[in-house]
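*Asks:* Provided herewith is a single structure, encoded as structure tokens, for subsequent inquiry.
The values are calculated or read from the model by the stated rules, or taken from the named source; none is laboratory data. These numbers come from a predicted model, not from an experiment. We place every Cβ from the backbone using ideal geometry, glycine too, and count neighbours over all the protein chains shown.
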Amino acid sequence: MNPWLWGGAAAAAYWGVPYALWQWWGIDVVQRGLGSSRPELGLTFDDGPDPATTPRVLDALAEAGVRATFFVLGERAEAHPELIGRLRDEGHELALHGWRHRHGWLRFPWEAAADVRRGAATLERLTGERPRFFRPPHGAYTWAQQAAISRLGLTPVHWTIEAHDWHPRYGPREVIARVVAGELPGGGRLEGAAPGDIVVMHDAGPGGETAAAALPGLLAELQERGFNPKPVGELRGLRRGRWRDLPKRAWVATVDRFFDRVYHVEELNYAAHSVFRVARAEYPGPAVTLPDGRRLEPGAPAAELHLHSERMARAGEAGSLTAFRFFKKSMPDLARALRERPHLADVQVFWGVSLFQEILEPVGFQVVELPPLRRRFLGSYMHFLHRLYGGTPLKRVWPRLVLIDRETLLERYG
Ligand SMILES: [Zn+2]
């Protein structure tokens, strides 16, 4: 066989498989916590400690009374033990980023393994305890590195939100927009922070300056939106990536995004509890009598509610009471959107089709049966989605039309 082919196959096995398995799909790598009732967010800083920027990052965190996880480099920790001491004194979580900041792919296997061992030994010597978490430089894994961290009992931690503080075009404003609302410079959007997410920032290098400058504003913004930032090790229900999460991720990245575009789905806000998104769509019928006795006819100016499926699934993991609280807290946001967004000014009713009538009815929604054929068709589809997002199967629940008219909404929540 051609030696080039052999070489190519070996390279794919050594670099490609770890890339797909750990870096891209995140199998067995800690990705996030649970969307608990007091919405938590894992806050992490990589690449330090750095005498120029780490103290500024620490000052900003102390000012806000927030603790975080620092993935430090052994080499820098050894050069600045006083900063490691300060990190620990101020209650932050110390984790390992390796001995030296080199991409795992650019090293011999034995080097990559030795780097992890040396870094872990250094932290252990400086602090008296072995770190619990490891994040490789650039989030890039190799087989050798993975073998070394599992032998040392370290847990790999990835992230769900990159603050991009290292980006030359990013200042504090862009960092805040990206973490909170998922906005990208030059257009485009990602999901903003949701409960349980893990955010990566930097306390050294070019990112350190921007991170230190962005932190006061970012932390204030997160707290105002109901988030509770904390070290990764304190997140409830730490979740490692699983094979069965992959269909969901693929669905979110393709079908969900496609529908959001086609239907012009917009966010209500970026609060931690936010579960609704909306899109203009006429009321599809059937005709119903509203609480004040008026008739609502098909074709009335309306907006359709789209649930944040991912957030709902996480809230559901945390318990149905959490899901209920998120809905209840989202209702005033719906009323506010009606009053404040000009293109929703004439909306008579918010409607949607949902399996969650039991949660929606107590917060003020009217529940209407769908025609049998539509119910059946939508039922299979919605149960499929519910399971895809990791919900426990709902037995004997079929989709119903839920709606809340303008007057009821404003009266109860305006
Ligand atoms: Zn790094």
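*Asks:* Keeping to the range 199-213, report how many residues are at pLDDT 95 or above and within 15 Å of the ligand (Cβ to nearest atom).
*Replies:* Residues in the range 199-213 being at pLDDT 95 or above and within 15 Å of the ligand (Cβ to nearest atom): 9 in total.
*Asks:* Are any residues in the range 32-47 more than 16 Å from the ligand (Cβ to nearest atom) and either assigned to a loop (DSSP other than H, G, I, E, B) or surrounded by fewer than 23 Cβ atoms within 10 Å (Cβ to Cβ) (or both), and if so, which ones?
*Replies:* If the condition is that a residue be more than 16 Å from the ligand (Cβ to nearest atom) and either assigned to a loop (DSSP other than H, G, I, E, B) or surrounded by fewer than 23 Cβ atoms within 10 Å (Cβ to Cβ) (or both), then GLY33, LEU34, GLY35, SER36, SER37, ARG38, PRO39 are the ones that fit.
*Asks:* Here is a follow-up. In the range 396-414, what residues are free of Cβ contacts under 8 Å to residues at least 60 places away in the same chain and part of a loop (DSSP other than H, G, I, E, B)?
*Replies:* ARG396, VAL397, TRP398, PRO399
*Asks:* Given ARG130, ARG118, ARG76, which one is farther than 28 Å from ARG311 by Cα, at pLDDT 95 or above, over 25 Å from the mean Cα position of the chain (by Cα) and away from the ligand (no atom under 16 Å from the Cβ)?
*Replies:* Step by step, each of ARG130, ARG118, ARG76 is checked, and only ARG118 is farther than 28 Å from ARG311 by Cα, at pLDDT 95 or above, over 25 Å from the mean Cα position of the chain (by Cα) and away from the ligand (no atom under 16 Å from the Cβ).
*Asks:* Take the conditions more than 21 Å from GLY226 (Cβ to Cβ), more than 16 Å from the ligand (Cβ to nearest atom) and surrounded by 22 or more Cβ atoms within 10 Å (Cβ to Cβ) and apply them to LEU58. Does it pass? It would help to see each step written out before you state the result.
*Replies:* Values: more than 21 Å from GLY226 (Cβ to Cβ): yes; more than 16 Å from the ligand (Cβ to nearest atom): yes; surrounded by 22 or more Cβ atoms within 10 Å (Cβ to Cβ): yes.
Criteria met by LEU58.
Table: residues versus (1) on the phi > 0 side of the Ramachandran plot; (2) within 12 Å of the ligand (Cβ to nearest atom); (3) buried (at least 16 other Cβ atoms within 10 Å of the Cβ); (4) touching a residue at least 12 places away in the same chain (Cβ under 8 Å).
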site	(1), (2), (3), (4)
HIS80	no, no, yes, yes
GLY98	yes, yes, yes, yes
LEU106	no, no, no, no
PRO109	no, no, no, yes
ALA112	no, no, yes, yes
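*Asks:* Now for a separate question. It is to be established whether one or more residues within the range 233-245 are more than 16 Å from the ligand (Cβ to nearest atom), among the aliphatic types (A, V, I, L, M) and either within 30 Å of ALA323 (Cβ to Cβ) or part of a helix (DSSP H, G or I) (or both).
*Replies:* If we filter the range 233-245 for residues that are more than 16 Å from the ligand (Cβ to nearest atom), which is where we start, we get 233-245.
Restricting the remaining residues to those that are among the aliphatic types (A, V, I, L, M) gives 235, 238.
Okay, now just the ones that are also either within 30 Å of ALA323 (Cβ to Cβ) or part of a helix (DSSP H, G or I) (or both), so 235, 238.
Yes - at least one qualifying residue is present in the range 233-245.
*Asks:* So which pairs qualify, if the first residue must be in the range 163-184 and outside the structural domain of ASP47 (by TED's automatic domain parsing), the second must be not in a loop (DSSP other than H, G, I, E, B), the Cβ gap must be under 8 Å, and the two must be at least 6 apart or on different chains?
*Replies:* Nothing qualifies.
*Asks:* What's the number of the only condition in (1) surrounded by fewer than 17 Cβ atoms within 10 Å (Cβ to Cβ); (2) modelled with pLDDT of 85 or more; (3) not aliphatic (A, V, I, L, M) that GLY319 fails to meet?
*Replies:* With (1) surrounded by fewer than 17 Cβ atoms within 10 Å (Cβ to Cβ); (2) modelled with pLDDT of 85 or more; (3) not aliphatic (A, V, I, L, M) applied to GLY319, the lone miss is (2).
*Asks:* Restricting attention to the range 61-72, and to residues there that are in contact (Cβ under 8 Å) with a residue 60 or more places away in the chain and within 16 Å of the ligand (Cβ to nearest atom), which single residue is surrounded by the most Cβ atoms within 10 Å (Cβ to Cβ)?
*Replies:* The extreme case among them is PHE70.
*Asks:* For residues that are within 15 Å of the ligand (Cβ to nearest atom) and at pLDDT 95 or above, scanning just the range 138-157, find the one that is nearest to TRP110 (Cα to Cα). Working first, answer last.
*Replies:* Narrowing the range 138-157 to residues within 15 Å of the ligand (Cβ to nearest atom): 138-141, 145, 156-157.
Pick out the ones that are also at pLDDT 95 or above and you get 156-157.
On the way: PRO156: 19, VAL157: 22 Å.
Here the answer is PRO156.
*Asks:* Checking the structure you have, find out if any residue of the range 82-90 is within 16 Å of the ligand (Cβ to nearest atom), in the same structural domain as ALA220 (by TED's automatic domain parsing) and surrounded by fewer than 21 Cβ atoms within 10 Å (Cβ to Cβ).
*Replies:* The answer is no; no qualifying residue exists.
*Asks:* While we're on this one: Scan the range 283-295 and report the pairs whose first residue is assigned by TED's automatic domain parsing to the domain that holds LEU401 and whose second residue is among the charged types (D, E, K, R) and surrounded by 15 or more Cβ atoms within 10 Å (Cβ to Cβ), with Cβ atoms within less than 7 Å and a gap of 6+ or a chain change.
*Replies:* Short answer, once both residue conditions are applied: LEU290/ASP405; ASP292/GLU407.
*Asks:* If we scan the range 258-281, do we find a residue that is away from the ligand (no atom under 16 Å from the Cβ), more than 24 Å from PRO399 (Cβ to Cβ) and more than 23 Å from the chain's Cα centre (by Cα)?
*Replies:* Within the range 258-281 (the criterion being away from the ligand (no atom under 16 Å from the Cβ), more than 24 Å from PRO399 (Cβ to Cβ) and more than 23 Å from the chain's Cα centre (by Cα)), the answer is no, since none of the residues qualifies.
*Asks:* Suppose we filter ALA302, ALA271, ALA250 for residues that are farther than 26 Å from GLY391 by Cα and modelled with pLDDT of 85 or more; which single one remains?
*Replies:* ALA302
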